[in-house]
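The values are calculated or read from the model by the stated rules, or taken from the named source; none is laboratory data. As the structure is a prediction and not an experimental result, all values here were calculated from the model. Cβ atoms come from the backbone with ideal geometry, glycine included; neighbour counts cover every protein chain shown.
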Amino acid sequence: MQLLEFSNALPANGPREQGSPLHDPCPVAWLLAPELFRFRPCHIDVEVDSALTLGHTAVEFRAASGRTQNVQWAIEADAEGVFALLERYLSAGRSGKA
């Protein structure tokens, strides 16, 4: 829990009211409780030809773009549910029970 509190105290990458992104625990939370997340189909490409944007991940949600929608992109999470799940499992690590 201390790591989550620390990460939430860092300067935001966007508007503070959106909170700090939890990139690492979210995939684990999704594996444990996928119903906490909402997805949207999109097309993803990784830029491999441009020196300026090499490695950039381009996400296209518009189906009319003519590109095959090749992945489901998480666009929303039940924040309270994710935090409750994390707290439950992190607390279980201390007590040995999940």
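If Trp30 meets every condition in (1) hydrophobic (A, V, I, L, M, F, W, C); (2) at pLDDT 90 or above; (3) surrounded by fewer than 12 Cβ atoms within 10 Å (Cβ to Cβ) apart from one, which number is that one? Just one mismatch for Trp30, condition (3).
For (1) hydroxyl-bearing (Ser, Thr, Tyr); (2) under 22 Å from Pro21 (Cα atoms), each residue gets a yes or a no:
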position: Pro34; (1), (2): no, yes
position: Phe39; (1), (2): no, yes
position: Val48; (1), (2): no, no
position: Leu52; (1), (2): no, no
position: Thr57; (1), (2): yes, yes
position: Ala64; (1), (2): no, no
position: Gln69; (1), (2): no, no
position: Glu87; (1), (2): no, yes
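Close Cβ contacts (under 6 Å, 6 or more residues apart or on different chains) running from residues in segment 70-86 that are at negative phi to residues that are hydrophobic (A, V, I, L, M, F, W, C) and assigned to a strand (DSSP E or B) comprise Val71/Ile44; Gln72/Phe39; Trp73/Cys42; Ala74/Phe37; Ala74/Phe39; Ala77/Phe37. Of the residues Gly81, Gly55, the single one that is at pLDDT 90 or above and in a helix (DSSP H, G or I) is Gly81.
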